[in-house]
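Peer 1: Here it is, the structure, as structure tokens.
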Amino acid sequence: MVRITVQMVRNKAEHHDRLLAPLEEIALHQENIEKIEYIQDWCPKLKILLMQSNLIGKIENLNKLKHLNYLNLALNNIEIIENLERCESLQKLDLTVNFIGEIVSVESLIGNYNLDNLYLTGNPCTDYDNYRDFVIGTLPQLAYLDGREIDRSERIKALQNLPVIRQDILFEQNEYRHRRRKQKARLEYEIQYKWDNEYKDMDPDERNKKFYAEKCEHSPEVRHEMERMRLLKLKSYETEKKTEEKRQYKFFAPDGRPFNINQAKIPFLFNDTEPDKYVLDLAVYKHMDTSLIDVDVQPNYVRALIKEKIFQLHLPEEVDTTNSTAQRSQITGHLVVTMPKVNVIIKPQRALETEKEKKAQLYTEHHVSECNEGSGQSKREFLEIGPADNILDLSKMTLTKKVPDYIDPRIKLGVKQPSPDFVDNPEVPDLI
């Protein structure tokens, strides 16, 4: 059973700063409420109360709402109109699609002088002969009934025939009361029988499918049963969800090795290329509060608890937990964990280059050996290091040439030099 709570009413009053005392309008529709309570004490100044599409079976606890002028109780389980005599400001009452068969109960509204609009469409009483004339004659203050304006001639005719019409209405009402009593007993027995036999061990989804596939009557009992099915299905879903959330994660293997766990399914980057440290970059949600994140660095693993979701990563080498740091980016929100290694040997640059050359030579020897074995040759060959005699040496292309201290001005670059036996005759003029 859904009950009206302070929190529910405050949530519906967000447009009024969640204040209840001065509230003049509230909508509590489609909340599956079964009883009207507390509203008249919390919101005494209400003018509009909307409670359609619920499971309310009785009009009650509204007598203190002196300012109420519109009450909507459509699509509920109301069978009698009552307890509205003291709502003296009531102007519009909507009781569409309820189960009002006691049409004589409209006489309780005679004292509501301001009531000028009444809706009873979809109730069993609308099937009675002379239903409209009876209501118009009983409530002369009405201006509209079921959305139709009441004419003056229609009102005079209803008032003239009211005594006769009332007798017919009472007879039809008694017949309906008898049928309703039998229907209620039968439906209660059928519903209980199904729960004791058919629905007892049935899966919730199959039970709901079977229930909605069957033809059912329009009655308060059936509406309550529909709500019961909905709540059971919701409860089953919540139970399955809680069971899934309670899954126990194992942090370590039987041999003590940490497992890799990413329960939060957060993207991450793990940098292990640097020789002296590991860097873990967790793409934590940008707007998540840092207080919801807890980081724990151990010698062989790092664990982060992100909003109760576990992230754990196994580290290839032992790290220094004392000097490890965790920082949060103010721009991206990422969590960066820096973990220095414990056993780090820092080699000089020349030693690293020598080591790389040795590894390259070993790889070359191994590769050539495999090629010879594949070709059937038993002889091991090595790659030649350095330029051969018949190979052009390009290593001295960028070297600067040595310039001599004195250059003969008579020697022109690019001009062909005379032969050794050439004799220069001074009497011969120079060529122009």
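Peer 1: Consider the stretch 297-335. How many of its residues are over 15 Å from TYR278 (Cβ atoms), surrounded by 14 or more Cβ atoms within 10 Å (Cβ to Cβ) and of a type outside the set (A, V, I, L, M, F, W, C)?
Peer 2: The number of residues fulfilling the criteria is 4.
Peer 1: Go through the stretch 1-22 and give me each residue that's in a helix (DSSP H, G or I) and touching a residue at least 12 places away in the same chain (Cβ under 8 Å).
Peer 2: Start the filter on the stretch 1-22 by keeping residues that are in a helix (DSSP H, G or I), which leaves 6-11, 14-16.
Once the filter is applied, which keeps residues that are in a helix (DSSP H, G or I) and touching a residue at least 12 places away in the same chain (Cβ under 8 Å), the stretch 1-22 yields VAL6, MET8, VAL9.
Peer 1: Any residue at all in the stretch 192-209 that's in contact with a helix residue (DSSP H, G or I) (Cβ under 6 Å, 6 or more places away or on another chain), surrounded by 12 or more Cβ atoms within 10 Å (Cβ to Cβ), assigned to a helix (DSSP H, G or I) and outside the structural domain of LYS235 (by TED's automatic domain parsing)?
Peer 2: No: zero hits.
Peer 1: In the list ASP196, ASP151, ASP203, which residue meets the criterion of being farther than 30 Å from ASP129 by Cβ and at pLDDT 80 or above?
Peer 2: ASP196
Peer 1: Yes or no: GLU175 outside the structural domain of ALA74 (by TED's automatic domain parsing), farther than 22 Å from LEU118 by Cα and among the acidic types (Asp, Glu)?
Peer 2: It is false that GLU175 is outside the structural domain of ALA74 (by TED's automatic domain parsing), farther than 22 Å from LEU118 by Cα and among the acidic types (Asp, Glu).
Peer 1: Next question, about the same structure. Out of LEU84, LEU46, LEU23, I need the residue that is within 20 Å of LEU120 (Cβ to Cβ) and surrounded by 20 or more Cβ atoms within 10 Å (Cβ to Cβ). Which one?
Peer 2: Exactly one of LEU84, LEU46, LEU23 is within 20 Å of LEU120 (Cβ to Cβ) and surrounded by 20 or more Cβ atoms within 10 Å (Cβ to Cβ), namely LEU84.
Peer 1: Can you name the residue in the stretch 55-66 that is touching an Asp or Glu at 6+ places or on another chain (Cβ under 6 Å) and surrounded by 19 or more Cβ atoms within 10 Å (Cβ to Cβ) and, of all such residues, is farthest from LEU109 (Cα to Cα)?
Peer 2: LEU55
Peer 1: For ASN112, state whether it is within 35 Å of the chain's Cα centre (by Cα) and buried (at least 19 other Cβ atoms within 10 Å of the Cβ).
Peer 2: Values: within 35 Å of the chain's Cα centre (by Cα): no; buried (at least 19 other Cβ atoms within 10 Å of the Cβ): yes.
Here the answer is no, as ASN112 does not meet what is asked.
Peer 1: Hey, another quick one. Return the total of residues in the stretch 164-195 being touching a residue at least 60 places away in the same chain (Cβ under 8 Å) and under 30 Å from GLU227 (Cα atoms).
Peer 2: 4
Peer 1: For VAL106, work out the one condition from (1) touching a residue at least 60 places away in the same chain (Cβ under 8 Å); (2) crowded, with 19+ Cβ neighbours inside 10 Å it doesn't fulfil.
Peer 2: With respect to (1) touching a residue at least 60 places away in the same chain (Cβ under 8 Å); (2) crowded, with 19+ Cβ neighbours inside 10 Å, VAL106 is out only on (1).
Peer 1: On to the next question. So the check is Cβ under 6 Å with 6+ separation or different chains; which pairs have a first residue in the stretch 144-163 that's surrounded by 10 or more Cβ atoms within 10 Å (Cβ to Cβ) and a second one that's aromatic (Phe, Trp, Tyr) and at pLDDT 95 or above?
Peer 2: Close Cβ pairs (under 6 Å, with a partner that is aromatic (Phe, Trp, Tyr) and at pLDDT 95 or above) amount to ASP146/TYR119.
The values are calculated or read from the model by the stated rules, or taken from the named source; none is laboratory data. The structure displayed is predicted, hence computed values, not measured ones. In this analysis, Cβ positions are derived from the backbone assuming ideal geometry, glycine residues included, and neighbour counts consider all displayed protein chains.
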